[in-house]
1. Could you list, in sequence order, the residues of segment 1-39 that are in contact with a Gly (Cβ under 8 Å, 6 or more places away or on another chain) and basic (Lys, Arg)?
2. Is there any pair with a first residue in segment 24-41 that is under 14 Å from Leu3 (Cβ atoms) and a second that is open to solvent by 100 Å² or more (accessible area, probe 1.4 Å) whose Cβ atoms are under 9 Å apart and which are 6 or more apart or on different chains, and what are they?
3. Scan segment 1-37 residue by residue and report those that are open to solvent by 60 Å² or more (accessible area, probe 1.4 Å) and within 18 Å of the chain's Cα centre (by Cα).
Amino acid sequence: MPLYEYKCADCGAVFDTFRSFKEADDPIPCKTCRGVHTRRLLSRVFASVDGRAVSGSSSGGCSGCSGGSCAGCGGH
Ligand SMILES: [Zn+2]
């Protein structure tokens, strides 16, 4: 089941929840204030994975590590 992220317009809270695809755009009450003025955001989970793969960001780690030393990129 995919993970969806929602933002509450009432209190500003962002929360995520697992829902089936057909439920993704159904209204969901805020987990913080129980308000119903929530809207779905694009999944930050997939976005961050793509960002790291494409940009290679930070300090030159390989795809197998997060920038520290590892066998995959020869260490530092
Ligand atoms: Zn709220």
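The values are calculated or read from the model by the stated rules, or taken from the named source; none is laboratory data. The structure presented is a predicted model; accordingly, all values stated were derived computationally and were not measured. Here the Cβ is made from the backbone with ideal geometry for all residues, glycine too, and neighbour counts use every protein chain on show. These area figures cover heavy atoms from the full protein model, side chains too; ligands, DNA and RNA do not enter into them. Shrake-Rupley method; radii C 1.70, N 1.55, O 1.52, S 1.80 Å.
1. Residues of segment 1-39 in contact with a Gly (Cβ under 8 Å, 6 or more places away or on another chain): 8-11, 29.
If the condition is that a residue be in contact with a Gly (Cβ under 8 Å, 6 or more places away or on another chain) and basic (Lys, Arg), then no residue fits.
2. Note: pairs meeting the criteria are Arg40/Asp25.
3. Selection gives Met1, Lys7, Val14, Asp16, Phe18, Phe21, Asp25, Lys31.
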